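Following: one structure in structure tokens, then a few remarks.
The values are calculated or read from the model by the stated rules, or taken from the named source; none is laboratory data. Just so we're clear, the structure is a prediction, and the values are computed from it rather than from any experiment. Don't worry about glycine lacking a Cβ; one is built from the backbone with ideal geometry, like all the others, and counts go over all protein chains shown. What goes into the accessible areas is simple: the full protein's heavy atoms, side chains included, and nothing from ligands, DNA or RNA. Shrake-Rupley method; radii C 1.70, N 1.55, O 1.52, S 1.80 Å.
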Amino acid sequence: MSRSRENAIELNKEEFRQIGHALIDAIADFNATIRERPVTPGESGKRLQQLLEPLDLPELGTSASQLVSDTTELLFNHSLLNGHPKFMGYITASAAPMGVLADLLAAAVNPNVGAQILSPVATEIEKQTIRWLAQFIGLTTEYGGILVSGGNMANITAFLAARHAKVTTAGKEAEHRRPRVYCPQTTHTWIEKAVGLTGMEADAIRWIPVNKDNKMDTVLLEKALSDDRGAGWNPFMVIGTAGDVSTGAVDDLSKIAAIARANDLWFHIDGAYGIPAAGIPEFTSLFEGMEDADSIALDPHKWLYMPLEAGCTLVKNAKHLTDTFSSHPVYYNFNKDEEAPSTNYYEFGLQNSRGFRALKIWLTLRQMGRAGYLKSIMEDIELSRLMFHLADIHPHLEAVSQSLSITTLRFIPTGLDPSLEKNRPYLNKLNEAVLDALQKGGKAFLSNAVIREKYCLRGCIVNFRTSRQDIEDILELIVQTGYGILKEWKAPQKSGKLSE
């Protein structure tokens with residue numbers, strides 16, 4: 001009797017080896033030539049749908065070798081390339097090659113890191129990875145946590161723990177007062193999702209204005225807390241941002257921490273983007289107060305260059321996570337470790353079945369070491385500072401802001417005074433058109449920010465491939481694109497008057 005089972009899904013050893021070797025060779029060539037490729041082909045959804053025909057599910061299968069070859073070509077030639085050195089849009093990093101290999105290895109074993117018995121070594125690697133991430137940003141090893149899909153889930157996981165600790169289990173007095181959370185008006189949209197997910201009304205969010213540096217106004221925060229308590233609200237959580245998505249600004253975390261302590265609030269830091277910079281000595285003071293946070297969100301797939309998906313929730317007292325998420329149905333036979341209590345990550349967050357996200361972070365931290373990572377992060381910051389400086393001295397650009405690795409700027413054509421209020425609508429429209437053209441053109445990819453009613457181009461550098469030359473090229477491309485659009489619009493370039 002045969003011990004093997006014939007089916008269409010299995011690949012024999014030699015088939016898998018040949019296909020795998022060809023794929024690794026193709027990826028190596030892709031990485032080596034990524035600079036010569038367009039950042040994006042700028043193709044329409046309709047055009048891409050045509051590439052995927054036939055649209056109906058096939059009845060019969062296709063050769064695995066041919067499928068991998070065809071799909072490799074499809075992805076390499078019809079994707080936006082986050083790893084391109086001139087990609088600076090949003091906050092998606094170049095994927096570390098070690099992380100790519102780690103994901104392949106993790107998928108081969110395919111552990112379910114929801115319970116220790118299902119993923120013995122993977123669970124231990126995730127525990128160590130979380131401890132290393134805490135150490136990397138300068139926290140003590142008392143912090144525990146869990147790896148999740150990204151910034152939204154990292155923040156929402158912390159929000160749910162805060163709500164459980166400060167509202168659900170707060171006693172009868174809190175039951176009759178509506179809960180409220182406080183955050184700067186620049187906070188990422190995850191907070192709206194979190195409030196909606198828990199059934200709270202939209203007005204449960206108290207948006208605190210920011211100052212001229214895009215940081216939460218802590219004077220207004222204290223006033224809001226006082227006013228709301230008098231009006232019958234139950235303040236339970238305050239959020240500080242460590243690197244807001246538009247400008248990279250870091251809130252006054254030390255002051256917010258003090259306000260949180262004085263008001264018995266859960267203090268959470270959204271550091272999804274910026275908090276890896278806390279490990280750089282130059283920025284220690286900028287992140288002062290971080291150690292007082294009850295929870296911190298960070299995204300290794302942002303400034304630690306991990307392939308998607310990789311987010312992390314760190315909590316000073318990890319018991320808050322198990323108090324919030326743990327359950328013990330009769331069909332789970334998971335807690336029988338004779339040496340120590342089992343670490344079952346399904347009890348720390350929303351997922352039961354979980355992939356092995358930790359491996360890519362763990363391996364790349366070992367490959368790079370703290371010193372290697374801090375060097376790369378600092379180089380990104382220096383390139384952002386260079387971008388701001390070159391824009392500041394350029395006759396056709398206006399440097400608007402710079403913080404961490406984010407710079408914002410505007411194209412300003414000759415003859416238009418950007419300080420005049422009457423020119424703002426036109427300049428906003430012009431810079432939006434410049435951004436649209438850049439994103440479709442394939443030579444560089446930036447995103448936007450609106451700062452003090454100015455529509456700005458925004459470059460975020462979380463890319464170990466980006467160089468000084470790329471910065472210089474992008475700035476000149478912005479100017480060329482801007483004047484090309486003006487030529488199409490037939491706008492005047494010498495007077496401050498605006499054409500209709």
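For the reader, a short list of remarks on this structure follows.
- Scanning the range 463-476 for residues that are open to solvent by less than 30 Å² (accessible area, probe 1.4 Å) and over 16 Å from residue 35 (Cα atoms) gives a single hit, 475.
- Residue, modelled with the lowest pLDDT, within the range 318-341, restricted to residues that are surrounded by 15 or more Cβ atoms within 10 Å (Cβ to Cβ) and farther than 22 Å from residue 139 by Cβ: 334
- Leading residue by the ranking (surrounded by the most Cβ atoms within 10 Å (Cβ to Cβ)) among those in the range 256-272 that are in a loop (DSSP other than H, G, I, E, B) and of a type in the set (Gly, Ala, Ser): 271
Results for (1) under 16 Å from residue 188 (Cα atoms); (2) among the acidic types (Asp, Glu), shown as yes or no for each residue.
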{"position": "224", "(1), (2)": "no, no"}
{"position": "228", "(1), (2)": "no, yes"}
{"position": "234", "(1), (2)": "no, no"}
{"position": "240", "(1), (2)": "yes, no"}
{"position": "244", "(1), (2)": "yes, yes"}
{"position": "275", "(1), (2)": "yes, no"}
{"position": "290", "(1), (2)": "no, no"}
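- Which listed residue, of 223, 193, 215, is in contact with an Asp or Glu (Cβ under 6 Å, 6 or more places away or on another chain) and either surrounded by 12 or more Cβ atoms within 10 Å (Cβ to Cβ) or among the hydrophobic types (A, V, I, L, M, F, W, C) (or both): 215
- Looking only at the range 375-407, and only at residues there that are open to solvent by less than 10 Å² (accessible area, probe 1.4 Å) and over 18 Å from the mean Cα position of the chain (by Cα), the one that is farthest from residue 463 (Cα to Cα): 391
- Only one of the numbered conditions (1) in contact (Cβ under 8 Å) with a residue 24 or more places away in the chain; (2) out of contact with any helix residue (DSSP H, G or I) (no Cβ under 7 Å at 6 or more places or on another chain); (3) of a type in the set (Gly, Ala, Ser); (4) farther than 19 Å from residue 276 by Cβ is not met by residue 433, and that is (2).
- Looking across the range 225-251, the residues that are in a strand (DSSP E or B) and not hydrophobic (A, V, I, L, M, F, W, C) come down to 234, 235, 240, 241.
- First in the range 229-255 and surrounded by 22 or more Cβ atoms within 10 Å (Cβ to Cβ) and of a type in the set (Phe, Trp, Tyr), second anywhere and part of a loop (DSSP other than H, G, I, E, B) and at pLDDT 95 or above, Cβ under 7 Å, 6 or more apart: 236/265
- Qualifying residue in the range 349-357 (condition: among the aromatic types (Phe, Trp, Tyr), in contact (Cβ under 8 Å) with a residue 60 or more places away in the chain and in a loop (DSSP other than H, G, I, E, B)): yes
- Residue count for the range 181-190, restricted to those that are buried (at least 22 other Cβ atoms within 10 Å of the Cβ), in contact with a Pro (Cβ under 9 Å, 6 or more places away or on another chain) and within 12 Å of residue 246 (Cβ to Cβ): 1
- Summed over the range 1-60, the residues that are among the β-branched types (Val, Ile, Thr), more than 30 Å from residue 467 (Cβ to Cβ) and surrounded by 10 or more Cβ atoms within 10 Å (Cβ to Cβ) give a count of 1.
Per-residue answers, yes or no, for (1) touching a helix residue (DSSP H, G or I) at 6+ places or on another chain (Cβ under 6 Å); (2) at pLDDT below 95; (3) in a strand (DSSP E or B):
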{"site": "362", "(1), (2), (3)": "yes, no, no"}
{"site": "372", "(1), (2), (3)": "no, no, no"}
{"site": "380", "(1), (2), (3)": "no, no, no"}
{"site": "392", "(1), (2), (3)": "no, no, no"}
{"site": "399", "(1), (2), (3)": "yes, no, yes"}
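- Residue in the range 340-359 that is over 19 Å from residue 144 (Cβ atoms) and among the charged types (D, E, K, R) present: no
- Residue match in the range 471-478 (condition: within 25 Å of the chain's Cα centre (by Cα), within 29 Å of residue 78 (Cα to Cα), among the aliphatic types (A, V, I, L, M) and part of a loop (DSSP other than H, G, I, E, B)): no
- Filtered residues of the range 298-317 (kept if in contact with a strand residue (DSSP E or B) (Cβ under 6 Å, 6 or more places away or on another chain) and either assigned to a strand (DSSP E or B) or surrounded by fewer than 20 Cβ atoms within 10 Å (Cβ to Cβ) (or both)): 298, 311, 312, 313, 314, 315
- Here residue 182 meets the list (1) modelled with pLDDT under 95; (2) in contact with a Lys or Arg (Cβ under 6 Å, 6 or more places away or on another chain) almost entirely, failing just condition (1).
- The residues on offer are 102, 95, 115, 122, and the sole one that is among the small types (Gly, Ala, Ser), within 16 Å of the chain's Cα centre (by Cα) and surrounded by 17 or more Cβ atoms within 10 Å (Cβ to Cβ) is 95.
- Positions within the range 409-437 being part of a helix (DSSP H, G or I) and either of a type in the set (Lys, Arg) or in contact with a Gly (Cβ under 9 Å, 6 or more places away or on another chain) (or both), in sequence order: 422, 423, 424, 429, 430, 431, 433, 434, 437
- When restricted to residues that are surrounded by fewer than 23 Cβ atoms within 10 Å (Cβ to Cβ) and β-branched (Val, Ile, Thr), the range 138-155 contains 2.
- Residue 450 fulfils the conditions (1) surrounded by 15 or more Cβ atoms within 10 Å (Cβ to Cβ); (2) not in a helix (DSSP H, G or I) except for a single criterion, (1).
- Residues satisfying the criterion are absent from the range 280-297 (criterion: out of contact with any Lys or Arg (no Cβ under 6 Å at 6 or more places or on another chain), over 28 Å from residue 461 (Cα atoms) and open to solvent by less than 10 Å² (accessible area, probe 1.4 Å)).
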